[in-house]
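Down below is the structure, laid out as structure tokens.
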Amino acid sequence: MDRVRRRAGWLLTVGLLALTGWTTVVGFLMPNWFDATEDCARTFERPDSHGIRVVTHWFPPTASCDFGGGDVRHFISPATTVLLTVAMVLIAAATGTGLYFAVRRFFEPDDVVRSAEGVDLKARLVAQLSSGAVIFVLAIAAYTGASAFAIILGGASGGAVFGLAGLIMVAGLGAGLDRQVGPLPSTPLESRRRGAAAGLITFAATFLATAAAGRMPFFRIWAAPLGAVIYVVVVLVQWSRHRAAAPGRTERDRSSSPV
């Protein structure tokens, strides 16, 4: 179990990739979302799509075409449904396990303090702001493009999976940046919490701003630059609060909220 805990990040990544692949496969096997009745008519060689009723379920993944009069055909075969269901259970177990151990790292006790002695904190702040802005511009731009394909190929389920992947991505990026160039003195636990909070706040604020603009979240040309600006503002606030608390920091202070 300790080995699984140490590999939680990799397990979670593999699980999310597999989950994305699963939704893509299921979306591909389903009747065409643009005109499902026409797809049923074409697949089962019917002259037209009039009166056809299409019933679909994502889990277990099933799709059937009801032509009326008791004539119901499986668009996805029962054998395929069983295989996809078993695969989903295994993928969900792996993803859930990875997520559990990854989240648990944010609550593990950690008393090792990284000192600020001999460190140029101003240069460290500039490094976090500049590198973070660039990384979040690229990450949000890439995420927006990839999520479009996820929604097209996997439908709503694909979009939901990619939404979860986005949250984990920004939390990991934020934690990694804070660990490398975040405020000091700090414990690794405090750094993980603070960095993850910065990433999640950036993601949530960008999501809300683009959604309020009247389009699908993130699907705006200014979404990536906005995300970078939000991250910079959040980091500046975190550094300001850290400096204010630094002179009188106690053990209780180090376990408080990262933002």
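In segment 143-199, how many are among the β-branched types (Val, Ile, Thr) and over 30 Å from THR56 (Cβ atoms)?
3
Working carefully through the options ALA160, ALA196, ALA165, find the one that is closer than 21 Å to PRO109 by Cα, hydrophobic (A, V, I, L, M, F, W, C) and not assigned by TED's automatic domain parsing to the domain that holds TRP10.
ALA196
For segment 45-57, indicate whether the set of residues that are within 27 Å of the chain's Cα centre (by Cα) and not assigned by TED's automatic domain parsing to the domain that holds VAL170 is non-empty.
yes
May I ask you to verify whether GLY174 is crowded, with 22+ Cβ neighbours inside 10 Å and over 30 Å from PRO31 (Cβ atoms)?
Taking the combined requirement at face value, the residue satisfies it.
Going through segment 196-209 one residue at a time, which ones are of a type outside the set (A, V, I, L, M) and surrounded by fewer than 21 Cβ atoms within 10 Å (Cβ to Cβ)?
Hit for segment 196-209 is PHE207, nothing else.
In segment 89-108, how many residues are at pLDDT 85 or above and more than 13 Å from GLY9 (Cα to Cα)?
5
Can you name the number of the only condition in (1) outside any helix (DSSP H, G or I); (2) without any contact (Cβ under 8 Å) to a residue 60 or more places away in the chain that ALA160 fails?
If we test ALA160 against (1) outside any helix (DSSP H, G or I); (2) without any contact (Cβ under 8 Å) to a residue 60 or more places away in the chain, just (1) comes out false.
For segment 86-129, which positions are more than 20 Å from LEU189 (Cβ to Cβ), more than 25 Å from the chain's Cα centre (by Cα) and buried (at least 17 other Cβ atoms within 10 Å of the Cβ)?
LEU125
Identify the single condition in (1) touching a Lys or Arg at 6+ places or on another chain (Cβ under 6 Å); (2) free of Cβ contacts under 8 Å to residues at least 60 places away in the same chain; (3) surrounded by fewer than 23 Cβ atoms within 10 Å (Cβ to Cβ) that PRO217 does not satisfy, given that it satisfies every other one.
Status for PRO217: all satisfied but (1).
Condition first: over 23 Å from PHE203 (Cβ atoms) and without any contact (Cβ under 8 Å) to a residue 60 or more places away in the chain. Now tell me which residues in segment 121-137 satisfy that.
LYS122, ALA123, VAL126
Considering every residue within segment 97-117, establish whether at least one is free of Cβ contacts under 8 Å to residues at least 40 places away in the same chain and either small (Gly, Ala, Ser) or touching a strand residue (DSSP E or B) at 6+ places or on another chain (Cβ under 9 Å) (or both).
no
Looking only at segment 29-66, filter to residues that are out of contact with any strand residue (DSSP E or B) (no Cβ under 6 Å at 6 or more places or on another chain) and within 18 Å of VAL82 (Cβ to Cβ); which one of those is surrounded by the fewest Cβ atoms within 10 Å (Cβ to Cβ)?
Going through the qualifying residues, I end up with HIS57.
The values are calculated or read from the model by the stated rules, or taken from the named source; none is laboratory data. Please read these numbers as outputs of a predicted model, since none were measured by experiment. Positions of Cβ are backbone-derived with ideal geometry, glycine not excepted, and every protein chain shown enters the neighbour counts.
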